Every structure is written in structure tokens, then in C-alpha cells.
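The values are calculated or read from the model by the stated rules, or taken from the named source; none is laboratory data. Remember, it's a predicted structure, so these values are computed and weren't measured experimentally. All Cβ positions, glycine included, derive from the backbone under ideal geometry; neighbour counts span all protein chains shown.
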Amino acid sequence: MKIKKLVSDTAEIAKPKNGEATTTNGAKVATKAKAGAGSIAQNMLPDDYRPSEDEDFMNPLQLLYFQKKLESWKAELLDDASGTITGLSRENLHQPDQMDRAQIESNAALDLRTRDRERKLLQKIEAALRRIDDGSYGYCVETDEPINLRRLEARPIASLSLHAQERHERMERVHRDD
């Protein structure tokens with residue numbers, strides 16, 4: 001069955017990795033400190049900290065800020081995936097009314113499509129966390145120039161500078177199959 005396959009694929013998303021614990025009740029996810037964030041402890045980041053242009057680019061505090069932001073986003077996505085799995089496993093597809101059954105199946109398909117998009121997003125979050133670990137986070141993978149902090153704030157998984165992203169999108173438009 002196609003739905004069972006998608007549910008099992010979605011279940012893979014919710015499996016904890018690297019000792020990280022996920023919960024479905026909204027509790028915080030326990031994570032390990034990463035080496036890329038420098039020697040600053042996780043609890044030393046002020047709650048109101050925001051990276052600014054006045055600081056050294058990708059200093060340990062900025063790296064820690066983005067690491068925490070990415071890990072929080074990841075935990076939220078994993079929690080949503082766990083909730084979807086729980087919800088789909090509790091759904092009763094044996095409704096006597098065809099319209100009710102069709103609505104349940106339609107909602108399940110929409111949830112699974114959403115989770116598949118989030119699975120792809122999780123891969124990008126993991127890649128960004130690896131870039132934090134190896135010290136390349138915040139720099140364009142094509143040009144090695146720094147990515148603007150405002151861009152990283154809006155899209156912490158960004159791996160291309162604004163100019164490189166625009167070039168990439170222009171090339172996609174030129175080479176797409178019509």
C-alpha cells in the first residue's frame with residue numbers, strides 16, 4: 001500500500017539520531033554541543049542575542065546562535081512528523097460513509113506530502129549543521145564569500161550568497177524544460 005510506505009518513510013524522519021531525543025508533547029529536545037560553535041557553552045548564549053554586522057563574521061557566538069536556531073527548527077519538524085505518524089496510525093479508514101473516508105484519505109495524503117517536503121528540509125538543516133561543524137557555515141559554497149547575516153537570519157539553511165542564488169535561479173529558468 002502506498003500510504004503504508006509513506007508512513008514508514010515518515011517514521012524514518014522521526015527516529016532520533018546522534019543521541020538526540022524527540023518528544024511529541026512539545027518538550028525540549030536534548031542535544032549535544034557541537035565543536036563548530038567554538039568553546040562557548042550552550043547556556044552562555046544570551047536569550048536576546050541577535051547577530052550584528054558590528055561583530056566578527058561567524059564568531060563563536062554567531063555560530064552558536066545559528067546552531068541553536070537550526071536545532072530548534074529541526075526539533076519542531078521532528079515533533080510534527082511524530083504527531084503525523086501518531087495521527088495516521090489512529091485514523092479509522094473504515095468509515096461507512098464514502099465521503100468521510102475520502103476526506104480522511106485526502107487529509108492523510110496532504111499530511112504525507114507536507115512531511116515529505118519537511119523531510120527534504122531536514123536534510124538541508126542537517127547539511128547546515130555539518131557546515132557549522134566544519135567551519136564553512138555562513139560562506140557561499142560557490143564563491144566562498146560571506147552570506148549576509150540578514151539572509152541567514154531569514155533562511156538559516158542558505159548555502160549560497162544572494163548573488164549566487166540569483167545566478168542559480170536564472171540558470172534554472174534558462175535550462176528548464178518547458
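Below are the figures for this structure:
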quantity	calculated
Within the stretch 140-178, tally of residues that are of a type outside the set (Asp, Glu) and within 21 Å of residue 49 (Cα to Cα)	12
Which listed residue, of 131, 155, is surrounded by 15 or more Cβ atoms within 10 Å (Cβ to Cβ) and within 28 Å of residue 82 (Cα to Cα)	131
From 89, 82, residue being surrounded by fewer than 18 Cβ atoms within 10 Å (Cβ to Cβ), farther than 25 Å from residue 44 by Cα, in contact (Cβ under 8 Å) with a residue 40 or more places away in the chain and of a type in the set (Gly, Ala, Ser)	89
Filtered residues of the stretch 52-81 (kept if assigned to a helix (DSSP H, G or I) and not hydrophobic (A, V, I, L, M, F, W, C))	60, 62, 65, 67, 68, 69, 71, 72, 74, 76, 79, 80
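Listed here are the residues, each with its yes/no results for (1) over 25 Å from residue 62 (Cα atoms); (2) part of a helix (DSSP H, G or I); (3) not assigned by TED's automatic domain parsing to the domain that holds residue 62.
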residue	(1), (2), (3)
111	yes, yes, no
114	yes, yes, no
121	no, yes, no
124	no, yes, no
144	no, no, yes
150	no, yes, yes
167	yes, yes, yes
170	yes, yes, yes
